[in-house]
Amino acid sequence: MSASAPGPGGAAVPVVLSLGANLGDRAAALAAAVAELRAADGLVVDAVSEPLASAPVGEVLEQPEFLNLVVLARTSLPPRELLALCHEVERRGGLDRSVKVPGGPRPIDVDVVAHGATVLEEPDLVLPHPRAHERAFVLAPWAQLDPGAVLPGPRGGPVRELLESLAGEGA
């Protein structure tokens, strides 16, 4: 993989990626994943948030704390190709998706939060990410990087307002 800007075949679409890890050296896993994203064809990383520690969410609560960050980038890749890139970064980071437990521990996780204003609902790809609006570990780093950010879609809105509503709920 080599770094390159979106080519003439596709306009640069802004994307938001959320990365998390809670097994092994979390900071090193995140750094390696960001380095792979920076080197990927068709993706230009514009900003990376500071890491944020967060408690696990979901049904598997007996696991180590997560370290999360958000990456703002531009891509010429369509949503499915960007998802495939994220899955490849996960695979190289030690995640076996065939045994991945939803909400369970993982060495690395790379989610597509938003792909421009795309709204898509398919069995294996939902955009924007269906739970981004309720995840402070996504919204807080995103707001840090882009205070005027807006999550697209029916559950979206200004990222800062979504984050404030979570704080009001005690999340």
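The values are calculated or read from the model by the stated rules, or taken from the named source; none is laboratory data. Source: prediction; values computed, not measured. Heads up, the Cβs are rebuilt from the backbone with ideal geometry, glycines too, and the neighbour counts pull from every protein chain shown. To get the accessible areas, we keep the full protein, side chains included, count just its heavy atoms, and leave off ligands, DNA and RNA. Shrake-Rupley method; radii C 1.70, N 1.55, O 1.52, S 1.80 Å.
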Of all residues being among the aliphatic types (A, V, I, L, M), more than 12 Å from P51 (Cβ to Cβ) and open to solvent by 10 Å² or more (accessible area, probe 1.4 Å) in the range 17-38, which is farthest from the chain's Cα centre (by Cα)? Just the residue, please. L23
Considering (1) at pLDDT 95 or above; (2) in contact with a Ser or Thr (Cβ under 7 Å, 6 or more places away or on another chain), say which one G9 fails and leave the rest. (1)
For a quick check of your reading: which strands (runs of 3 or more DSSP E) sit entirely within the range 52-171 and have at least 1 residues that are surrounded by 13 or more Cβ atoms within 10 Å (Cβ to Cβ), touching a residue at least 40 places away in the same chain (Cβ under 8 Å) and touching a His at 6+ places or on another chain (Cβ under 7 Å)? 109-115, 125-127
Limited to the range 97-112, what total is found for residues that are of a type in the set (V, I, T) and in contact with a strand residue (DSSP E or B) (Cβ under 8 Å, 6 or more places away or on another chain)? 3
Regarding the range 139-154, can at least one residue be identified that is modelled with pLDDT under 95, among the acidic types (D, E) and farther than 23 Å from V57 by Cα? no
Would you mind finding the one in R74, R91, R80 that is among the basic types (K, R) and over 25 Å from L151 (Cβ atoms)? R91
Considering only the range 48-69, how many residues are of a type in the set (S, T, Y) and at pLDDT below 90? 0
Which one of these is closer than 15 Å to V57 by Cβ, more than 14 Å from the chain's Cα centre (by Cα) and not β-branched (V, I, T): E169, E134? E169
